[in-house]
Amino acid sequence: MLSVKAGLILLLLQQGSAAQGQGGQSSEHMVAVFIVEITLMLLVGRLLGELMQRVGQPAVMGQLLGGVLIGPSVLGTFWPAAYQAIFPDLEAQKRMIDAISQLGILMLLLLTGMETDLALVSRMRRTAFFTSLSGIIFPFVCGYLVGHFLPASMLPNPAQRLVTALFLATALSISSVKIVAMVIMEVGFLRRNVGQIILASAILDDTIGWIIIAVIGGIATGGGVNFRAVGFALGGTIIFLAFSFTVGRRIVAHIIRWTNDNLVIDMPVITAILVLMLLAALLTDYIGVHTVLGAFVVGILVGQSPILSKHIEEQLRGLIVALFAPIFFAVAGREIDLTILHSFALIKLALGFILIASFGKVFGCYVGGRLGRLGHRESTALAIGMNARGSTEVIVATIGLSLGVLSRDLFTLIVVMAISTTLVTPPLLRWALARIPPTGEEKERLEREAAQAKEFVPTVERLLIAVDGSADGKLASSLAGLFAGARKVTTTVVELGQGSKRHTLLPPDTSGELVKASVEVATRSKSGSKTEGQEALPATDKPTLLVNQMPVEELAKGIMNEAQKGYDMLFLGIAHALDSSRGGLQDEVGKIVQEFKGTSALAVARGAQTGEQLTQTLNILMPATGTDYSRRAAEVAITLAKASGASVTALHIAPPPEETDLLRRPRELLRTGRALLRDIGALGKREGVTVKSLIKVRRSPEAAILRQVRRGRHNLLVLGVKVRQGEQLFFGRRIAVLLERASCSLLIVNS
């Protein structure tokens, strides 16, 4: 391996000498050198990143150290010939790598924005506000004083001392959300109160810091303090942010959905996001602030998109983590020139940077935590966590170096400070967090969240409704509207009309209007009350609703074409979809249920009340059998009850003693049934829904269910099933009996 590397380097040296002897480098040689540079950065950065993660440190630290190893500090000192061959001192060669590095900055900020949780900031706004404000003001003042008293020899341009001091002050006051989040997740404190406060404060701190950096960057490019330009930049920034988080949020969500649903090329959403990022970067550059603000804001908007956010983040993360991040941090590491630390005075200055930055951040955040009504231990953990600079500080320093407001010496000192504070933060934060036990309320919330993590309904992001104008269609539309309003999911309605393939004959007040009405009911219900541990839903915060029409002749094909766009759940309401005599589905509907990858719910309308009338007076009965599909049906039933303000009755039927075998005793079966109903009751309690539990010992479960329907005057029976494969999809004997004899409407939830 070493001989291959040596041979490659010697070949580059020979080609470089020959090209320089001819007065320059050929384009083929420049491309070859560029490929060698990229390969070396990726290989060294990823390997050292792996090593750092194995010892409990962030991977970016290894990538930075990789840049130092292949930079002038190590490779350039101990093997200068190889360093000059791989990284020749040519402007065109440097620009090739710099272009990738600059794009890497935008991509990293895009990913950081996607990971930003504005809801978290909102929940912890008081503490996060005081912590971020104090955590910025104190180190900002310290950094400004350092910049003001620095010797002129350390400044890139003594005439611009004010700009350098402002940039240095901002660099010392910013934190790294990624490093903080990584440590909190590693120690299992992400959902703890103190963990959320630390992360919310870091997010707010990061956001404010990037806005300040962007404004100062605009000042720096103007050559001095131009108050007119500053006013334009500040005004433009305010307008840009206001537009982005109102109209812009809807535009970005619409673009992502439209791209995903209409384009057939591979990964079209990724391209759309990158284009949006670049356009926003150009816009922020035009208004006089740095391009990173545009990329960061687009990342936040993409992260708030109601569909495919996790899928998109995984695809983008792979591209950024595997390519752009190692190259960017390797380039940043190469800019670090540790040879400047041969001077004892500069070593003292580096230590001073570390102490001043740490004191300002720790003291400021501790004071902010106390002002935000945190205890001593929580404030200490908060202050320690916010002191991690990490990759964010390196990005800031790189921007300052590229703008000419930081000299290479200052850049090196800032990066050394960032590396030092990041390396000491994980062990100190683990120690501080371990001293904070959970409170009673917090313990209950953690248990509730752990239970919800195993549930199906919270994972639903897109809902598909396929209905016609029949009573079944109206029922499905109304129930699906309640579900969509309760979960705030993006919903598409496919209306099946009668007639030719070119025309549809749909009444104007069917499925789409019913869904909208049910969404309104669910929204009013949620906004009017607030269950324990949940935020109330604003009345204007409704799911996106789309309505498509297609002829009934294209039933299976049309619905499955739409389903391929990525849906988690399907509500079906089609006349004569079920064959009650056989307990199965009609061929076309059976094909849909069989091919749909998510959960489907089929509505069957019975009785005098259908559609909107039924959803206003819901009285739900849910037979519980202990299976996974029965549990999923219980989740759907409770979600519908929550949206409409109704109640749920959970019924478990146990067999009589004479029908049990020797291994399954009657008392054990009853205990199991009671435990099952307690679990469903706990689910209802978490969602603020009253669940009445009934357990019956009966020989015929179907007869017991039908008897309870009559006694309890239930108007909706929610059944969990698992379709059995055969010539015709079959729900089973129990469902066949209930379909034939039930007097109330049914919702059959198939997993």
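Here, each number is a calculation from the coordinates, and none is a lab measurement. As the structure is a computational prediction, the values presented were derived from the model and not from experiment. Positions of Cβ are generated from backbone atoms using ideal geometry, with glycine treated the same way; all protein chains shown enter the neighbour counts.
What to note about this one:
- Summed over all non-identical Cα pairs, the Kirkwood treatment of segment 90-434 gives a radius of 20.5 Å.
- Shape class of segment 310-460 from the alpha-carbon gyration tensor: oblate, with a/c at 1.5 or above and b/c at least as large as a/b.
- Look at the dipole of segment 313-413 built from charges on Cβ: of Ile336, Leu403, Gly369, the Cα furthest out on the positive end belongs to Gly369.
- For segment 227-335: rounded, prolate or oblate by the Cα gyration tensor [a/c cutoff 1.5]: oblate
- Taking the average, over residues, of other Cβ atoms within 10 Å as the packing measure, peptides 559-568, 150-159 rank 559-568, 150-159 from highest down.
- Charged side chains reduced to their Cβ positions (Lys and Arg at +1, Asp and Glu at -1) give segment 90-434 a dipole of some 860 debye around its Cα centre.
- When the listed pairs Lys454/Lys722; Lys591/Lys696; Lys597/Lys696; Lys597/Lys685; Lys565/Lys685 are checked against a 25 Å cut-off, the alpha-carbon distance exceeds it for Lys591/Lys696; Lys597/Lys696; Lys597/Lys685; Lys565/Lys685.
- J(HN,Hα) series, segment 314-321, from Karplus relation 6.51 cos²θ - 1.76 cosθ + 1.60, nearest Hz, glycine and proline x: 5, 5, 5, 4, x, 5, 6, 5
- Remark: the Cα gyration tensor places segment 69-159 in the oblate category, a/c being 1.5 or greater and a/b not exceeding b/c.
- Restriction of the trypsin sites (Lys or Arg not before Pro) in segment 361-437 to DSSP coil positions whose beta-carbon has at most 12 other beta-carbons within 10 angstrom yields Arg373, Arg435.
- The string of couplings for segment 65-73 from the Karplus curve (6.51, -1.76, 1.60, θ = phi - 60°) is 5, x, x, 5, 5, 8, x, x, 5 Hz, one whole number per residue in order, with x for Gly and Pro.
- Amide proton proximity set for Ile695, modelled H, under 5 Å, gap of 5+: His652
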